[in-house]
Amino acid sequence: MLIFGYAATFEIRHVPTIVLDLDHSQESRDLLSRFTSSPYFDVERQLTRSRQIRDLIDSGDATVGLEIDAGFAQKLRRARLRRSR
């Protein structure tokens with residue numbers, strides 16, 4: 001008798017990811033570094049225009065698109081300030 005064991009896992013790793021950073025701040029770079037150092041996302045390209053996200057996902061060249069809007073760091077700092085009060 002032969003027994004085959006299969007480990008079923010629903011954990012998703014190495015998802016093709018594209019990024020558009022419109023903020024170019026230290027905070028946005030920190031966020032991106034968390035994605036690039038994660039085993040779950042493979043950041044394959046950094047983009048220059050929002051339209052590229054849709055095009056690359058529609059063509060199947062990427063599964064996830066992350067867009068960091070301009071003002072991200074400023075909003076984050078304001079939220080932290082409000083929480084600390």
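Points worth noting:
- Scanning segment 39-61 for residues that are within 11 Å of the chain's Cα centre (by Cα) and open to solvent by less than 100 Å² (accessible area, probe 1.4 Å) returns TYR40, PHE41, ASP42, VAL43.
- Residue in segment 72-85 that is surrounded by fewer than 17 Cβ atoms within 10 Å (Cβ to Cβ), at positive phi and modelled with pLDDT of 95 or more present: no
- Scanning segment 18-65 for residues that are charged (D, E, K, R), out of contact with any Phe, Trp or Tyr (no Cβ under 8 Å at 6 or more places or on another chain) and within 20 Å of LEU76 (Cβ to Cβ) returns ASP21, ARG29, ASP30, ARG34.
- Condition met for GLU67 (in a loop (DSSP other than H, G, I, E, B), out of contact with any Cys (no Cβ under 8 Å at 6 or more places or on another chain), open to solvent by 70 Å² or more (accessible area, probe 1.4 Å) and not β-branched (Val, Ile, Thr)): no
- Residue match in segment 21-38 (condition: open to solvent by 60 Å² or more (accessible area, probe 1.4 Å) and on the phi > 0 side of the Ramachandran plot): yes
The values are calculated or read from the model by the stated rules, or taken from the named source; none is laboratory data. Keep in mind it's a predicted model, so treat the numbers as computed, not measured. A quick note on method: Cβ atoms are made from the backbone with ideal geometry, for glycine too, and the neighbour counts reach across all protein chains shown. Note: accessible area is taken over every heavy atom of the protein model, side chains too, but ligands, DNA and RNA are not part of it. Shrake-Rupley method; radii C 1.70, N 1.55, O 1.52, S 1.80 Å.
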